[in-house]
Structure formats: structure tokens, C-alpha cells
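The values are calculated or read from the model by the stated rules, or taken from the named source; none is laboratory data. Here the structure is a predicted model, which is why all the values come from computation and not from measurement. Reconstructed Cβ throughout: ideal geometry from the backbone, glycine too, with neighbour counts over all protein chains shown. The protein model used for the area step is the full one, side chains on, heavy atoms only, and it has no ligands, DNA or RNA in it. Shrake-Rupley method; radii C 1.70, N 1.55, O 1.52, S 1.80 Å.
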Amino acid sequence: KEIAPPTPEEDHEFVTYGKHLTLISGISVLQQRTDALFVSALLPLEAMADYSIGLIVAEQFKRLWIIYTNIRYPRLVKMPQNTRIKHIWLEGLAIVGGFIGVLVCVIILNHLLIPIILPSNYSNSIMLIDLLSFGFITVLPGFIVEIYFRMEQKPKQQYYMRISSAIINLLCPYFFISAMGVQGAAISKILANTMMSIVGMILFIIETKKIV
């Protein structure tokens, strides 16, 4: 069956939403990378090396998340809205529980293997891996509800989530690094990620309460 071409109104809607997604992606970079910029600007190279190791491990959590979204997004987007909301709740709880289990394994292996693999002057990496890996768990609820807002093409909620988190990650690192060193940057990231999840969950509950 031949698919009808999009109408001019649909074309305009697609282009407008595409622009929103581009801007949201830019805010996301600001939100996720500012802490590392502060570390590189304010602390010695050794601290940046420790922080980079922590980020590399935390990035593997994000890779797992991307695999999940690539598999589930096409199926979720085809579901009726009520069914989709239920799946977001149920799958979200299962995903958070699963990632917490992975986090526990990572922390155990981290404390067992890092002292063997790396020289003693990299001991700070152990705590940073723990903190930054935990930081991904704190942002996970935000990622989960953001999927829903993408499916519903609601950029305003995504802006609120991302901008509130970016503000925290812009304001806090300098003060936390001054007080606690490189670990302060990781704690700032946890706070920024938590802010995204809190704002996202509040908006998701408000939005879906009208529907369910």
C-alpha cells in the first residue's frame, strides 16, 4: 500500500520538533560535560585522569541504556497511550532495579580489581567510579520519563528537565571542587542528575494523571 506524503502542516511540525531536539541535545551536552570541564580547569592532570577513569566506567551504563532504548522505543511508540504509560512505569521500575544490581557488581569488582590493575596513585579512581556509576542510577528515572515525552513530542517538559539539571551542573562544581576536590565534581553531577529525575517524575505524574 502506497504511503501518502506528509502534508505541509506535518512537514512544518516535523521540522519544528527536529529543531527542538537539536537544542535539547545541545543542552544535554552542557548538562553532562560541564563537571569534567571544571575538573580540567581547576585541578591537576592527575585528578583529571582519575575523573576520566570514573567517567569511562559510568559511560558503559549509558551504553546499556542506549541498547535498551534502541530495542524498546519502536515497540513502545506503537502502543496506545494508556498502555504505553503503564509500560513506562513497569519497565522503568524493572530497569532501575536491574541497573542497581549491575551497580553493586561494578562496585565490588571495582574495589577488588582497581588496586591490582592500576598503581596506588590511582586510588582516587575507586571512589570516583563508585560515585559516577551511582550518578547514572540517579539520572535513570529522568531518562525513562524523557522517553515518554519524546514519544508524545512534548519538548517543553524536556527543556524543563534538561535546563534544571544543567543549571545545577553549572553552579555547583566550582564550589564543590573548592571544598572537596575532584570528588566534589562527582557529587555535583549526582545532584544535577537527581534534579533531572525529580523534575521529570513530577512532570510525568502531572501529565499522565490527566490521561490514566
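How many residues does region 57-107 contain that are among the polar types (S, T, N, Q), within 22 Å of Phe149 (Cβ to Cβ) and either touching a helix residue (DSSP H, G or I) at 6+ places or on another chain (Cβ under 6 Å) or open to solvent by 40 Å² or more (accessible area, probe 1.4 Å) (or both)? First the steps, then the outcome.
Let us first name the residues in region 57-107 that are among the polar types (S, T, N, Q), namely 60, 69-70, 81-83.
If we keep only those that are within 22 Å of Phe149 (Cβ to Cβ) as well, we get 69-70, 81-83.
In the following step, the residues that additionally are either touching a helix residue (DSSP H, G or I) at 6+ places or on another chain (Cβ under 6 Å) or open to solvent by 40 Å² or more (accessible area, probe 1.4 Å) (or both) were identified as 70, 81-83.
Total meeting the criteria: 4.
Is it true that Ile137 is under 18 Å from Arg33 (Cβ atoms) and not hydroxyl-bearing (Ser, Thr, Tyr)?
no
Of the conditions (1) of a type in the set (D, E, K, R); (2) open to solvent by 50 Å² or more (accessible area, probe 1.4 Å); (3) closer than 26 Å to Ile211 by Cα; (4) at pLDDT 90 or above, Glu10 fails just one. Which one is it?
(4)
Within region 148-161, count every residue that is open to solvent by 10 Å² or more (accessible area, probe 1.4 Å) and in a helix (DSSP H, G or I).
7
Does region 108-129 contain any residue that is within 20 Å of the chain's Cα centre (by Cα) and surrounded by 23 or more Cβ atoms within 10 Å (Cβ to Cβ)?
Scanning region 108-129, I find at least one residue that is within 20 Å of the chain's Cα centre (by Cα) and surrounded by 23 or more Cβ atoms within 10 Å (Cβ to Cβ), so the answer is yes.
Ile211 passes all but one of (1) assigned to a helix (DSSP H, G or I); (2) touching a residue at least 40 places away in the same chain (Cβ under 8 Å); which number fails?
Condition not satisfied by Ile211: (1).
List the pairs whose first member sits in region 38-63 and is within 17 Å of Ser178 (Cα to Cα) and part of a helix (DSSP H, G or I), whose second member is among the aromatic types (Phe, Trp, Tyr) and open to solvent by less than 40 Å² (accessible area, probe 1.4 Å), and whose Cβ atoms are under 6 Å apart, counting only residues at least 6 apart or on separate chains?
Within 6 Å, the pairs are Val39/Tyr51.
Residue check, Met196 against (1) open to solvent by 10 Å² or more (accessible area, probe 1.4 Å); (2) touching a residue at least 12 places away in the same chain (Cβ under 8 Å), all met but one. Which one?
(1)
Is it true that some residue in region 113-120 is free of Cβ contacts under 8 Å to residues at least 12 places away in the same chain and hydroxyl-bearing (Ser, Thr, Tyr)?
Checked against the condition, which is being free of Cβ contacts under 8 Å to residues at least 12 places away in the same chain and hydroxyl-bearing (Ser, Thr, Tyr), region 113-120 yields at least one hit.
Looking at Leu203 and the list (1) farther than 29 Å from Lys78 by Cβ; (2) surrounded by 18 or more Cβ atoms within 10 Å (Cβ to Cβ); (3) within 17 Å of the chain's Cα centre (by Cα), which single condition is not satisfied?
(1)
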